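Just below is one structure, and these are the notes that go with it.
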Amino acid sequence: MKMNLETLQNRAAWQNIGVTLPEFDVAQMRAKTEEAPIWVHFGAGNIFRGFVARLQQKLLNEGLAECGIIASDTFDYDIIDKIYKPADELTMLVGLKPDGTTEREIVASIADSVKADSADAEEMAKLHRIFVNPSLQMVSFTITEKGYALRNMAGELFPVVAEDMKNGPAKARHAMSMVAALMHDRYQAGAAPVALVSMDNCSHNGEKLRASVMEIVKAWQANGLVEDGFAAYMDDETRVSFPWSMIDKITPRPAQVVQDALTADGVEDMAPIVTSKNTFIAPFVNAEIPQYLVIEDNFPNGRPALEKAGVYMTTRDTVNDTERMKVTTCLNPLHTALAVYGCLLGYTSIAEEMKDKELKTLVERIGYDEGMPVVTDPGIIKPMDFIAEVLEQRLPNPFIPDMPQRIATDTSQKIAIRFGETIKSYIASDRLDVQQLTFIPLAIAGWLRYLLGIDDKGEKMEVSADPMLETLQSQLAGIEFGRPDTVGGKLRPILSNPAVFASDLVAAGMAEKIEGMFGELIAGPGAVRRTLQAYLG
């Protein structure tokens, strides 16, 4: 049995294998969405399909919404062509419980999927029709932190961005340029209000989205490519808002055990694919059960009743406190520490790492001892309860098939937030001394050790993709495994770079400690384990 609109009619067959089905008329929902779209989402990957789309499904099931979501992607068009279209925009969501059981649901709230490709006139016409419709209430994003970046490590505009700024809206290619171009369409069609909502897992995500889009808009304005009125429209948060949000749900790469179980129950064509952009994705999403979404309630054209789907709708300050709690203390830094050390020690499972005495202690000390002193209680979620759930239930869940190798991807783009924000708080504090930090420096030293591409046995190890990998490894050139004396001052250009750490760690007085730890970590085979034991035993 294939997953598509036709087989969705055979409710008994799906229910017999434990699949929960949508309780609304999918065809009617799609017709209403085409007529008066309210929500378009950029970033068609797992967190969208396994969490965001499920929120709208809950509202549709309960009769609290009539329209679905239109999914789009600015980067990986194979996701649309090879995952969405063959399944008629449906997704199989498989929730993984700690006891080894699963829950299955077909998510049908995605009304359509569109490629945001300026070279594809037909697809762009679809997006144009959506953006000029006054009914559109929100445009949301899960495009990862790097999707907002306009510049490289040296602060230079990426070539594609520089070209976009010269060429104007008609030929936009970068994700931020594409959004600006579509918003220009909306402005010219009457300048109806709308909310642009980043749901990405990074600090101040709404601010990042706004800054990047506005930089494109201002460049076009300066080059005479758009009207002054358009820039004023985009700069007016009573008409175009950029709400902040905090999102949390682990949606790891598709697991073989989940695919096998679906296949055994007669569900066809569930095999993952690798796209031309190297995305590993399947028609199903496997995900943990816990989930959190907190959004600043600033929607100038109205919004879906998201609070009735379990979303916390609140103030910007509360979002900021909740996001800071999670991204800089209670989850993400722990993930990064486990990722780099897990790779060095040969682990392929986060859950297995949580059985490792030293690694478990490391993340406990980073979270409880060094992170919690600078966490503000957001009031809606208790930090101690949140981190306890992470450490005691979520990370040790053996049925969440998450890998340190996946989490280690793009670490250079994440480390400023995951450790840098806490470091900045210590630097700014009157009661805390940044030089007393031990376990965050140990995590940073571990990341630099990981970049050498040599595991703790002294054998060559593949390093996960990272846009700064070549630059960082060139700065580490000359450091020899087994020879701490070759370190010298070679780490300092990296440690002093605020683009990497959000602060100058040399000026903060942290470099010597990190250099010492790094030297211990490269001392020879087994040095990583010995170093962890020395600090955590």
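The values are calculated or read from the model by the stated rules, or taken from the named source; none is laboratory data. Remember, it's a predicted structure, so these values are computed and weren't measured experimentally. A quick note on method: Cβ atoms are made from the backbone with ideal geometry, for glycine too, and the neighbour counts reach across all protein chains shown. The area values use the complete protein model at the heavy-atom level, side chains included, leaving out ligands, DNA and RNA. Shrake-Rupley method; radii C 1.70, N 1.55, O 1.52, S 1.80 Å.
For the reader, a short list of remarks on this structure follows.
- K2-A189 FRET efficiency (beta carbon distance; Förster radius 25 Å; 0.05 resolution): 0.05
- Separation of alpha-carbon centers, the stretch 467-491 and the stretch 321-342, rounded to whole Å: 25
- FRET E, pair A264, D236, Förster distance 56 Å, beta-carbon r, rounded to 0.05: 0.50
- The charge dipole of the chain, taken about its Cα centre with unit charges on the Cβ of Lys, Arg, Asp and Glu (plus for the first two, minus for the last two), comes to roughly 440 debye.
- A full extension of the chain between T409 and T361 corresponds to an added length of 15.0 nm, given 0.36 nm per residue minus the alpha carbon distance.
- Selection from L59, M403, M92, by position along the positive dipole direction of the chain (Cβ): M403
- Ligands, DNA and RNA are left out, and with a 1.4 angstrom probe the accessible area of the stretch 381-537 is 41 Å² per residue.
- Judged by the mean number of other Cβ atoms found within 10 Å, the most tightly packed of the peptides 326-338, 130-142 leads the ranking 326-338, 130-142.
- Share of carbon and sulfur in the accessible heavy-atom surface of the chain [1.4 Å probe, %]: 48
- Within the set (i) 0.94; (ii) 0.97; (iii) 1.12, the number that Rg/Rh (Cα atoms, Kirkwood Rh) takes when calculated for this structure is listed as (ii).
- Each of P169, W14, G516 was scored by the projection of its Cα onto the charge dipole of the chain, and the greatest displacement toward the positive side belongs to G516; charges sit on the C-beta of Lys, Arg, Asp and Glu.
- Potential lengthening between E480 and D377 on full extension [0.36 nm per residue; Cα-Cα distance subtracted]: 32.6 nm
- Note that the stretch 184-225 presents 33 Å² accessible area per residue, ligands and nucleic acids not counted, probe 1.4 Å.
- Rounded to the nearest 20 debye, the dipole magnitude of the stretch 392-537 is 120 debye, with +1 charges on Lys and Arg beta carbons, -1 on Asp and Glu beta carbons, and the Cα centre as origin.
- 21 Å Cα-Cα threshold exceeded, pairs from K58/K326; K85/K146; K326/K382; K249/K424; K355/K382: K58/K326; K85/K146; K249/K424; K355/K382
- The chymotrypsin sites (Phe, Trp or Tyr not before Pro) of the stretch 3-108 include none that DSSP puts in a loop with a beta carbon having at most 15 other beta carbons within 10 Å.
- Straight-distance candidates among the aspartates and glutamates for linking to K457, with alpha-carbon spacing under 18 Å and chain neighbours fewer than 8 residues away dropped: E353, D356, E358, E480, E520.
- Reachable lysines from K218, criterion Cα separation under 19 angstrom, eight or more residues apart if same chain: K166, K171, K208
- Loop-located GluC sites (Glu not before Pro) in the stretch 136-214, at most 13 other Cβ atoms within 10 Å (DSSP): E156
- Inter-site label distance for A499 and A534 at 7 Å from Cα along Cβ, in nm: 3.3
- Taking a point 7 Å from the Cα of N152 along the Cα-to-Cβ direction, the residues of the stretch 468-492 with backbone N closer than 19 Å to it are 468-477.
- Taken along the Cα-to-beta-carbon direction at a fixed 7 Å, the label points for E512 and A162 span 4.2 nm.
- In the context of the full set of protein chains, residues of the stretch 1-124 present 39 Å² of accessible surface per residue (probe radius 1.4 Å, heavy atoms only).
- Here the 3J(HN,Hα) profile of the stretch 137-153, calculated from phi with Karplus coefficients 6.51, -1.76 and 1.60 at θ = phi - 60°, is 9, 8, 10, 10, 9, 9, 10, 6, 3, 6, x, 8, 6, 9, 10, 8, 4 Hz, Gly and Pro shown as x.
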